[in-house]
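The values are calculated or read from the model by the stated rules, or taken from the named source; none is laboratory data. Owing to the predicted nature of the structure, the values given are computational and were not obtained by experimental measurement. Ideal geometry is used to build each Cβ from the backbone, glycine not excepted, and the neighbour counts take in all protein chains shown. For accessibility, only protein heavy atoms count, side chains too; no ligands or nucleic acids. Shrake-Rupley method; radii C 1.70, N 1.55, O 1.52, S 1.80 Å.
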Amino acid sequence: MRPWKPIELLTRLCLVVGGIALIVVLVATARWGARTAREWPIGGALTVADGATARTLTTGDFTIRWIPEEGAERLEVVHADEPAKLAWATVAGEPFVAAAAGRAAVAESRGSFHIDDERLRSCGDQRVARVVVEDGAGEDEAGEDGAPALIVAGTLGCDLGERVGYVLRFSAIPGRPRHLGFALELEGDGIDRAFITYASAADERFYGFGEQFSRVDMKGARLPIFIQEQGIGRGREPLTTVVDLVAKAGGDWHTTYAAAPQYITSRLRALLLENSERSIFDLRRDDRAQVEVWSPALRGRIVAGRTPAELLRATTAYTGRMRPLPAWIGDGAVVGVQGGTARVRALWEALRARGTPIAAFWIQDWVGQRTTSFGKQLWWSWTLDEDHYPGWDELVADLGREGIAVLTYVNPFLVDVGAAAGGVGGDRRNLFAEAEAAGYLVKEPGGAPYMIPNTDFSAGLLDLSNPAAAAWFKASVLEGEVIARGARGWMADFGEALPYDAVLASGEPAASYHNRYPVEWAALNRAAVDDATDGDQLVFFTRAGFTRSPGQSTLFWEGDQLVTWDADDGLKSAVVGLLSGGFSGISLNHSDIGGYTALRRGPWRILRSRELLMRWMELSAFTAVYRTHEGNLPEDNAQIADDDELLAHFDRMAKVYRSWAPYRRELVAEASTSGLPLARHPFLHFPDDPRVVALEGREFMIGGELLFAPVTDPGVDTARVYLPAAQWIHLWSGRRFDTRGGGRSVTVAAPLGEPALFYRAGSIYADDMRRRLAAVGIETPAPARPEDAR
């Protein structure tokens, strides 16, 4: 066979690249075509019956007004604290209730969901037949617990000519003076989509919606709220399309492990839904927002507040607030390590020689490792692999004597480890077999356990709707294997993969339980912690979540980012996720240092670089927890102990992390009572600054005293930072920036080891931080004099 000439090689390469590009274009075009056919908002005409006259109701601290002004009919809601400000209103003269019948085709692949929804009927022409005020005496018409209610009722005209009924109720929430409840109920055969539309301003920014990774402000977007794997790529092309073609797991800009139907806006308005069904927030139009829920009943709350902090406190009164972390986890690094007892001890010795502060070793492969097409994965057996970790008890005891905890790993899947199933065999306990025999696994429609593919293997999923299954897992795994083996905490992974067509023991539809599953998974782990004798010293961290997860989880982490710098699925996205989650009660959060997902297959080489790992260390030094992860391809990724330079940088940033531990403990305590996150979008402190309002994840505040701008691009050694109105000191130079006359952007040096950190002039926490840094040999200059401010 003759060798190819260079021109032939170039031609073939161009054909391959062109073919990939064509596939990307075709897939993107197909996606857009599907969206344009089905995703436009529902609208129509509003008519009002003569009997629907003006009504006003004051219920609790809210006043609701129905104003039937011809051509400008509308509902308005105000709160007693700010009677001149609209907390919520409909668009004048426009319909505010709609309905639809739909048919969804839902396909699941490895925790990623592909949803194709077809609207069979749309009902957008609204007629208001009556508006009445109930004083609470009428049990059927009143609000919650008999509170007075304003009721709007009528019919909706559909595109096939029929009409369906609706009732929209507003009433105060007892014990929640900043919450106004609303509920929409639809009556019509086959109607299973409820819509409510209300006014928004063109410049109004929408923050929150759980942990979103692509953007902080969702104005202009159509955002589905549905829990799933975030995917590999999330819009980074051509990677996302290729992963979709191979494994249907590429994700999209909106895919996330922890979504929530809740937001706070720059106009200081807030709203949340109580539904667990899939919902969609359509914020594409300048003057309105439309919320869709896949249910004939839509329930939610309008939340009032005068400041962002007040709104967050009021919102987290419903979602729940995260309890304080045990102090020990902030004493140093949480070092992720795999490979057996000898490797843990070797890494411990290397770090001890440098005096690196260590809070814990996180040993996720305590159950043993398996090699799959994705890389290094675990045996989901939830029993100790004593061959992999000989002398486990001695290791735990030795670390404990040095004040170092051991953390492990669990998830709600169970793998058959029996030899006949290709498992590890031997005399290890087969928890899958026990669960299957007891009926504790989620089932397929045919009645068999629902075996969910992961990479090269499949696993059964614990049925958390069955109290007996939850109690068994708590006793057998969390208490009997994890805590009993000396672990002070664990990663409680997954929670997103409940199939849409699964059959649950409770009889509840999986479609409505799917988003609740991660809340129940966190609640199960929380029960094990709370029931332990020293439960306040234990911690577990979750990635999946929904509206009420903050009240259950003790710590969040951001899941599996790519080992890249990009904004779709890399380092930049981790910063955005940190800030968006903070608007939704996810107050204590962090990411894997260096990211997790690496690829080495065919032409793909996406591997963690040294520089990325070092910059990610700097980011993590200013989050709730400073924790490493070796990733799915440990041998190919840069690791903290690869050489002296990396070890030195890891050690330095661990000491920087520890230096602000007293301040961090105060912020953690504050989060438990207020819902305020540790890492904060500057809007929470500077809501009147239009440049702050527009910030999209380039910088964040730590409490109210520190401002941090991580370097998120390769080859960069400066940082461009916007400083809101205050006096700021740059930690590493001592330069003083006086922006009290108006915020402005500045550029500062940000070489490796000196990321851009500023503190407010006069901050006692910063003074303490500088003293603690000096004690470990990291000197920072004294602040410049006020007259030398820039």
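Rounded to 0.05, the FRET efficiency of the Arg665 and Asp643 pair, given R0 = 45 Å and the Cβ-Cβ distance, is 0.85. Taking the 1.4 Å solvent-accessible surface of the chain as the whole, the part contributed by carbon and sulfur is 51%. Counting only protein heavy atoms and using a 1.4 Å probe, the accessible area of Glu611 comes to about 60 Å². With the charge dipole of the chain set up from +1 on Lys and Arg Cβ and -1 on Asp and Glu Cβ about the Cα centre, the Cα lying farthest toward the positive end among the listed residues Thr197, Ala309, Tyr722 is that of Tyr722. Here is the P(r) of the range 658-790: all C-alpha pair distances, binned every 5 Å from 0, give 2, 10, 19, 23, 22, 16, 7, 1, 0 in whole percents. Here the spin labels are modelled as points 7 Å beyond Cα on the Cα-Cβ line, and at Glu237 and Arg691 they lie 3.4 nm apart. Shape analysis of the range 238-358 places it in the oblate category; the axes a ≥ b ≥ c from the Cα gyration tensor give an a/c of at least 1.5, with a/b not above b/c.
If I histogram all Cα-Cα distances within the range 452-507 using bins 5 Å wide from 0, what percent of pairs lands in each bin? Percent of Cα pairs in each bin: 4, 15, 21, 23, 20, 13, 4, 1. Per residue, the chain exposes 36 Å² of accessible surface when a 1.4 Å probe is rolled over the protein heavy atoms with every protein chain present.
Axis of helix 517-531 versus longest Cα principal axis of the chain: the two differ by about 60°, to the nearest ten degrees. Oblate is the label for the range 442-593, because the ratio a/c of its alpha-carbon gyration tensor axes (a ≥ b ≥ c) is 1.5 or higher and a/b is not greater than b/c. Can you tell me the 0 to 90 degree angle between the C-alpha axis of helix 644-659 and the longest principal axis of the chain, rounded to 10? It works out to around 50 degrees. For the pair the range 694-745 and the range 492-570, the centres of their Cα atoms are 33 angstrom apart. When the pairs Lys474/Lys572; Lys248/Lys474; Lys474/Lys655; Lys376/Lys655; Lys376/Lys572 are compared against a 27 Å limit on Cα-Cα distance, Lys474/Lys572; Lys248/Lys474; Lys474/Lys655; Lys376/Lys655 fall above it.
If only the Cβ of Lys and Arg carry +1 and only the Cβ of Asp and Glu carry -1, the dipole of the chain around its Cα centre is close to 1980 debye.
Per-residue surface analysis assigns Arg658 an accessible area of about 100 Å², computed on protein heavy atoms at 1.4 Å probe radius.
Each Lys and Arg Cβ is given +1 and each Asp and Glu Cβ -1; about its Cα centre, the range 514-619 then shows a dipole of about 480 debye. Shape class of the range 491-567 from the Cα gyration tensor (axes a ≥ b ≥ c, square roots of the eigenvalues): oblate, since a/c reaches 1.5 or more and a/b does not exceed b/c. Round to the nearest 10 and give me the degree value, 0 to 90, for the angle of helix 6-38's Cα axis relative to the longest principal axis of the chain. It works out to around 30 degrees.
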